[in-house]
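Below is one structure, written out as structure tokens; comments come after it.
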């Protein structure tokens, strides 16, 4: 049971990886935005950092750390949503969904692909931040892995929501694949603490795992201690949101089969 | 034994009755043609058989599996080809076939690809992107994809649409040979009446979501007093009364 399932997951992954193997512009595009964003924010942070002394150095670290870690969530979310859209654009869904590929295997393949896409996209930016600004994200220590897992998981549930909307509204909803996580940026406390937000917006921010990750990152950079409370909230919220998004996906998948959406999607 | 059994199969979209309570069965090794004009319900029927569309009512059993509860067990043993469902254009022919080899958990996928490429004259095209192929070549690739898992049930939606007569004949000959060698059960939707007469042992005539007639091609020709299935098709499509047919 497991081996055929793994093979089907690999089959869908292979379909996407083969595209990258034969197209260097696609590969380059993965790293383009994270690197560009890091360069712009890196220059901005170093400008202010030089004028603010030691406080500026901490702020510099927080800003660049925020930029790089937020890219983990962004690339993870786009990795899932755009891989699904590729199936719609190539009008291949009709073949994929009449194969023995289970919906959960499709989601698993998209998630593993998103990890690959995220790694290819974000690692060059991380290395460039170290080379250009002597900012080494890995100095955060092993807890960086827990931050990254939480941000990737957030990207997955957001993209499952996006894919569900695409199943409901067709390729017309595809713009959400690029934009939806940007809309959550102000509430994710990426560049500033949650306390900066108006009081009435703070509960919304604290309902997002990302706000807890970035609060945790700032605590670590300022005090050198790990805010396990924030970490626990991030994992707990991700589990809740993932469960909800998974349920929504299954309901929309069934609804798409009832409406015959797979016969027309991509047209 | 019936390999495909549909009972009371119904699909409504709001007030539109795309398929309205049809019953049919396809025995093992049979090739059955699904005929009807545009909007008759052929594609909807095939989509329901494939599990791509959930029926409003009725049941489907394929290879003994209830498609409402256990469709993946049946899907692993069947396959589908349609010129209207594309394969990824930027992947090469071999890569496309490899993808489906994995999805259908085909043993010795590479050997199977070489075998199919030889049989369908695709060997020289294996490394070419699917998007750069002619219509005839694409149809042969789609057929290779449909046969990658040596299906026991094959659903074909207009398998020779847009093919020149030579390529169309090649595909039909290949399907005849495959059925004879494998005992595969085939359900074929087509607008090509000569193709249906040649390949099918039984025909289901659909109109406005109903099966309005059925039988072997010879039986239908005899009952409608016609020389070819195209005339029978027109009689049914245009509601020409049978008594006026001589």
Self-check item: Residue, farthest from the other protein chains (Cβ to nearest Cβ), within the range A:98-111, restricted to residues that are surrounded by fewer than 22 Cβ atoms within 10 Å (Cβ to Cβ) and in a loop (DSSP other than H, G, I, E, B)
Solution: A:102
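Residue by residue, here is whether (1) at the interface with another protein chain (Cβ under 9 Å from one of its Cβ atoms); (2) outside any strand (DSSP E or B); (3) crowded, with 18+ Cβ neighbours inside 10 Å holds:
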{"position": "B:19", "(1), (2), (3)": "no, no, yes"}
{"position": "B:26", "(1), (2), (3)": "no, no, yes"}
{"position": "B:48", "(1), (2), (3)": "no, yes, yes"}
{"position": "B:53", "(1), (2), (3)": "yes, yes, yes"}
Quiz item: Within the range B:108-122, is even one residue part of a loop (DSSP other than H, G, I, E, B), surrounded by fewer than 22 Cβ atoms within 10 Å (Cβ to Cβ) and within 11 Å of chain A (Cβ to nearest Cβ)?
Solution: no
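Go through the range B:151-166 residue by residue and tally those that are part of a loop (DSSP other than H, G, I, E, B) and either touching a helix residue (DSSP H, G or I) at 6+ places or on another chain (Cβ under 6 Å) or at pLDDT below 95 (or both).
7
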Exercise. Tell me, please, whether a residue that is closer than 20 Å to residue A:81 by Cβ, touching a helix residue (DSSP H, G or I) at 6+ places or on another chain (Cβ under 9 Å) and at pLDDT 95 or above can be found in the range A:210-217.
Key: yes
Practice problem: Sort out which residues of the range B:63-95 are assigned to a helix (DSSP H, G or I), at the interface with another protein chain (Cβ under 8 Å from one of its Cβ atoms) and either surrounded by 20 or more Cβ atoms within 10 Å (Cβ to Cβ) or touching a helix residue (DSSP H, G or I) at 6+ places or on another chain (Cβ under 7 Å) (or both), and write them in order of number. | Solution: B:75, B:95
Quiz item: Would it be correct to say that residue B:99 is modelled with pLDDT of 95 or more, under 25 Å from residue A:265 (Cα atoms) and assigned to a helix (DSSP H, G or I)?
Solution: yes
Practice problem: May I ask you to verify whether residue A:248 is assigned to a helix (DSSP H, G or I) and either in contact with a strand residue (DSSP E or B) (Cβ under 9 Å, 6 or more places away or on another chain) or modelled with pLDDT under 95 (or both)? | Solution: no
Quiz item: Of the residues A:22, A:7, A:15, A:3, which single one is facing chain B (nearest Cβ under 9 Å) and crowded, with 20+ Cβ neighbours inside 10 Å?
Solution: A:15
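The values are calculated or read from the model by the stated rules, or taken from the named source; none is laboratory data. For clarity, every value in this text was computed on a predicted model and none was experimentally measured. A quick note on method: Cβ atoms are made from the backbone with ideal geometry, for glycine too, and the neighbour counts reach across all protein chains shown.
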